[in-house]
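First the structure, in the form of structure tokens, and then the observations on it.
Derivation of every value follows stated rules applied to the coordinates shown; laboratory data play no part. What you see is a predicted model, and the numbers here were worked out from it, not measured in a lab. Note that each Cβ is placed from the backbone with ideal geometry, even for glycine, and that neighbours are counted across all protein chains shown.
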Amino acid sequence: MKKLIGRKVGMTQLFDEKGNVTGVTVIEAGPNYVTQVKTLARDGYNAVQLGFGEVRKKGALTRGELGHLGQLKANDKHPKRRALSGVPAVGTLVESRSSKPAEAEEGGTLKCDIFAVGDFVDVTGTMKGRGFAGNIKRHGFHRQKKTHGASDRERAPGSIGAGTTPGRVEKGQKMAGHYGNTRVTNSHLKVLMVDAERNLIAVAGSVPGANGGIVVIQEGRKQ
Amino acid sequence: MNLVESIEKSQTANANLPTLQPGDMVRVHQKIVEGDRERVQVFQGTVIRLRKGGMNASFTVRRIATHNVGVERTYLLHSPRIEKIEVVRHARVRRAQLYYFRKLQGKSARLKERIVAKPAA
């Protein structure tokens, strides 16, 4: 499974060779560092752990995290500290299930050129929080009439159940409530541009979350 | 320069674009693909709006077609479909957006020409 962690940069539009224009989201994808290779024999499953987003602020990572990333040098008192070169102190770790973990090397880097123009990818991120949202925004309900005697019923949900039978509101009835700030995947987005030099990928369409948010790009499941 | 701007800059900009100004009479040569044939369509009219936005900048041209029907077309300035833009004449206008043109017709929808000294060749 091809997977990369990235940061949403923002949206713009690009021309194709025919002159059609497409709205795209630009993602700063990589470099990703291989921070750990998990094998079936040792860990019970095969996976590659990727790291992204260097943190410079002191105290942003715990000593345990720093040790895992090879930031603490082994000494006489702590001879068992992990040696891992080529990986900076990264703030985000994501695992990628892999059938061939032997191909990845701990300390290695992945760049955005593992994806090519024309590929379809799924992009996962945390969508913007909407707070306490009504039924129209949250569930796509229709609005009621603004006129014909309808006062303050414009965005009301309408009936939430029948009468004596069943005499209660069914479980799972769609109502207003907290919406957003959850993990969302936008699938089947076409890659329109890959710039390995600047580690930028442009995908057609939108991507969950605010600009600057962490997103995970992976091979599209619907090909 | 932020990263989004740098992406936009990486696209090839239209070469030899004239500097357009509101009120300019322009001829826009647009490539049109019909099946496997390609032809150039010319649209002549007055620039009534310019929108900035780097590679996504656009402009709107208005002309009066037959039967006094006003026709407006909005083009992306850097679209590869635009072959060239000719400026026929400049005009003296006092607004950036000439939306008031939509209400005018006939003699009142004229603009006074602004003679610009041609740059020495």
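What is the set of long-range amide H partners of A:Thr109 at a cut-off below 5 Å, with H atoms built 1.01 Å from backbone N? HN-HN under 5 Å from A:Thr109: A:Val34. This ranking places A:Arg198, A:Arg168 by how few other beta-carbon atoms lie within 10 Å of each, fewest first, which gives A:Arg168, A:Arg198. Measuring nothing but how far apart in sequence close Cα pairs (under 8 Å, 6+ apart) lie, relative to its length, segment A:181-223 scores a relative contact order of 40 percent. Listed values for segment A:183-195 are Karplus-derived 3J(HN,Hα) couplings in whole Hz (6.51 cos²θ - 1.76 cosθ + 1.60, θ = phi - 60°), namely 6, 10, 10, 9, 9, 6, 9, 7, 7, 10, 7, 10, 10, and x replaces Gly and Pro. FRET efficiency for the pair A:Arg130 and A:Glu219, taken as 1/(1 + (r/R0)^6) with r the Cβ-Cβ distance and R0 = 41 Å, rounds to 0.85.
Exposure proxy ranking for A:Ser98, B:Ser108, based on other Cβ atoms within 10 angstrom of each Cβ and starting from the fewest, stands as B:Ser108, A:Ser98. Ordering B:Val93, B:Ala65, A:Cys112 by the projection of their Cα atoms onto the charge dipole of the protein assembly as shown, which places +1 on the Cβ of Lys and Arg and -1 on the Cβ of Asp and Glu, puts B:Val93 at the extreme positive end.
Between A:Lys145 and A:Ala41, what FRET efficiency follows from the Cβ-Cβ distance if R0 is 56 Å, with the result rounded to 0.05? Rounded to the nearest 0.05, the efficiency is 0.25. Taking amide hydrogens as placed 1.01 Å from N in the peptide plane, the amide H of A:Gly180 sits under 5 Å from those of A:Arg130, each at least 5 positions away in sequence or on another chain. Counting Lys +1, Arg +1, Asp -1, Glu -1, what net charge surrounds A:Ala116 among other residues with beta carbon under 13 Å of its beta carbon? Neighbourhood net charge equals -1.
Quick check for you: which residues of segment B:34-72 have the amide N under 13 Å from the point 7 Å beyond the Cα of B:Glu86 toward its beta carbon? Those under the cut-off are B:41-45. Report the net charge of residues surrounding A:Ala74, where surrounding means a beta-carbon distance below 11 angstrom and charges are Lys +1, Arg +1, Asp -1, Glu -1. Result for the neighbourhood of A:Ala74: +4. Extent of segment A:31-80 along its three principal axes (Cα atoms, max minus min coordinate, largest first): 33, 30, 15 Å. Cβ crowding within 10 Å, taken as a proxy for footprinting-reagent exposure, orders A:Glu197, A:Glu28, B:Glu83 from fewest neighbours to most as A:Glu197, B:Glu83, A:Glu28.
For the listed residue pairs A:Lys57/A:Lys128; A:Lys80/A:Lys100; A:Lys57/A:Lys111; A:Lys145/A:Lys174, the alpha carbons are over 22 angstrom apart in A:Lys57/A:Lys128; A:Lys80/A:Lys100; A:Lys57/A:Lys111.
For segment A:202-212, the Karplus equation 6.51 cos²θ - 1.76 cosθ + 1.60, evaluated at θ = phi - 60°, returns couplings of 10, 10, 5, x, 9, 9, x, x, 7, 4, x Hz by residue, with Gly and Pro reported as x. Database remark: amide H of A:Ala29 closer than 5 angstrom to the amide H of A:Arg7, A:Leu200, A:Ile201 (H placed geometrically; neighbours at sequence offset of 5 or more, or on other chains; Pro and chain starts carry no H). Over the Cα atoms of the protein assembly as shown, the radius of gyration divided by the Kirkwood radius equals 1.12; this is the Rg/Rh ratio. Couplings for segment B:34-41, taken from phi via the Karplus curve 6.51 cos²θ - 1.76 cosθ + 1.60 with θ = phi - 60°, read 10, x, 10, 9, 10, 9, 10, 10 Hz in order; Gly and Pro are left as x. Normalised by the number of residues in segment A:31-110, the average gap of Cα pairs under 8 Å and 6 or more apart makes the relative contact order 44 percent. In the structure shown, the pairs A:Lys8/A:Lys146; A:Lys146/A:Lys171; B:Lys52/B:Lys112 are assessed against 28 Å; a Cα-Cα span above that value is assigned to A:Lys8/A:Lys146; A:Lys146/A:Lys171. Under a model in which nothing but the beta-carbon of Lys, Arg (+1) and Asp, Glu (-1) is charged, chain A shows a dipole of about 1060 debye around its Cα centre.
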